[in-house]
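The values are calculated or read from the model by the stated rules, or taken from the named source; none is laboratory data. Quick caveat, the model's predicted, so the values are computed rather than measured. Here the Cβ is made from the backbone with ideal geometry for all residues, glycine too, and neighbour counts use every protein chain on show.
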Amino acid sequence: MKNKEVKNWNFLLLFVLLIAILLPLCSAGVGISWNKESSLVPENTKTCLTYKVYNPWPDDSYAQVKLSEELMQIISYQESETEFIPHDTSSANAIPVEFCFKTPKIYKENCWLFNELVCKKECKEEMKIYEGEVEIIEADAPEVVEGSGGSATKMSVSAPLRVKVQCVPHARDYSVIYIAVILIAGILLTINLIRRKNKKK
């Protein structure tokens, strides 16, 4: 019995020491709350999403949003600003943080010229779905210049996100042909006028 009691006391003492060591290191950080885990995004379109970030710790913090590698493969660019998250911000008073991204063209088009012109899209493929995470990363203050000093280990939290990329069908676009016909007609008309002027001379 005494051996078991000694082991229990040793374990308890070790646990208390770990808490005592870790608590001072956790003076600031971020948490995340969200209300949906999927988003329907038309291809080749800019989309903005909002997540709520809180900071229950005694020190102020800054947060920035980024997408995980699994979702970056369908993103042509991403916009995200560093947001100030005051200390003692509870989850009930979480601060909305917005980030925007644009999806490229994903679904195939049926084109007549150079695989890019006079195209139509019928959207017969299955909808493509990508799964990953939205990551909220504790960031440096905006006034901190990169390379001005060492970087401390940053805390991060994440939320699951499923992006459904919607195909947008469209009829064949003949505008390029119309423009080409107008240009050719204009050139021929100009040549004809020049010839007439030369004959009069």
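Listed here are the strands (runs of 3 or more DSSP E) enclosed by region 1-102 that have at least 2 residues being at pLDDT 85 or above: 38-42, 46-54, 61-67, 83-85, 95-102.
Of all the criteria given as (1) out of contact with any Ser or Thr (no Cβ under 9 Å at 6 or more places or on another chain); (2) loosely packed, with under 14 Cβ neighbours inside 10 Å, the one not satisfied by PRO96 is (1).
GLU133 fulfils the conditions (1) out of contact with any helix residue (DSSP H, G or I) (no Cβ under 8 Å at 6 or more places or on another chain); (2) surrounded by 15 or more Cβ atoms within 10 Å (Cβ to Cβ); (3) not in a loop (DSSP other than H, G, I, E, B) except for a single criterion, (1). Would you confirm whether or not region 167-190 contains a residue that is of a type outside the set (Gly, Ala, Ser), within 30 Å of ASP59 (Cα to Cα) and either modelled with pLDDT of 90 or more or not in a loop (DSSP other than H, G, I, E, B) (or both)? No, because not a single residue in region 167-190 is of a type outside the set (Gly, Ala, Ser), within 30 Å of ASP59 (Cα to Cα) and either modelled with pLDDT of 90 or more or not in a loop (DSSP other than H, G, I, E, B) (or both).
How many residues, within region 101-128, are over 30 Å from SER68 (Cα atoms) and either surrounded by 11 or more Cβ atoms within 10 Å (Cβ to Cβ) or touching a residue at least 60 places away in the same chain (Cβ under 8 Å) (or both)? So the answer is 9.
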